[in-house]
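S.K.: If you scroll down you'll find the structure; I have some questions about it.
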Amino acid sequence: MPNKYASGRETEYKIRRFLDDLGYDTVRSAGSKGAFDIIAWNDLVTRRIQAKREKSKSSYSKDLEKMGKSKSPPNSTKELWIWRTGTGWIKIDIIENTCDYKVEIPETKSFYEANKG
């Protein structure tokens, strides 16, 4: 069984692969204790993402507070992505959006079904 760090890293890699496939450039903040684990960008938007992996329902109030304190440049998002072991993606939320358009997030059941495990 992988340790907590390895499980979290695996979740971050899943997000990076997904966004890379959509044409984003991505960087992972390894061992991050900051507000965001992944920064992804393209010509239109910068996405700042906090990735979480859980075994059962958890509260992320401290993470949301940290994210809330982070200043937002124009055309950026603050996002929370939660992966539950044995279920897959259970929540992908845009917490803040300073863009003039809607940023795509995977909301369909097919995305969740295809990324279970």
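Please treat every number below as a calculation from the coordinates, not as lab data. Predicted model, so just to flag it, every value in this text is computed and none were measured. So basically every Cβ, Gly included, is an ideal-geometry build from the backbone, and we count neighbours across all protein chains shown.
S.K.: Quick check: convex hull over the Cα atoms of the stretch 1-99, volume per residue in Å³, rounded to an integer?
M.R.: Numbers: hull volume 9.6 nm³, N = 99.
Convex hull volume per residue, Cα atoms: 97 Å³.
S.K.: Each label point is 7 Å from the Cα along the Cα-to-Cβ direction; what then is the distance between the points at Lys69 and Cys99, in nm?
M.R.: 2.7
S.K.: Taking other Cβ within 10 Å of each residue's Cβ, how do Asp63, Asp37, Asp100, Asp43 sort, fewest first?
M.R.: Asp43, Asp100, Asp63, Asp37
S.K.: Additional query: Around Gly23, with a cut-off of 15 angstrom between Cβ atoms, what is the net charge of the other residues, counting Lys and Arg +1 and Asp and Glu -1? Please report the intermediate quantities before stating the final value.
M.R.: On the way: positive: Arg16, Arg17, Arg47; negative: Asp20, Asp21, Asp25, Asp43, Glu104.
Summing Lys and Arg as +1 and Asp and Glu as -1 gives -2.
S.K.: A further question follows. To the nearest 20 debye, what is the magnitude of the charge dipole of the stretch 4-114 about its Cα centre, counting +1 on the Cβ of each Lys and Arg and -1 on the Cβ of each Asp and Glu? Write out the running numbers ahead of the final one.
M.R.: Working: 22 positive and 17 negative charges, 134 e Å.
Value, rounded to 20: 640 debye.
S.K.: Still on this structure, please answer the following. Please give the net charge around Met67, taking every other residue with its beta carbon less than 15 angstrom from that of Met67, where Lys and Arg add +1 and Asp and Glu add -1. All intermediate terms of the calculation are to be shown ahead of the outcome.
M.R.: Numbers: positive: Lys33, Arg47, Arg48, Lys52, Lys62, Lys66, Lys69, Lys71, Lys78, Lys91; negative: Asp37, Asp63, Glu65, Glu79, Asp93, Glu96.
Overall, the nearby charge balance is +4.
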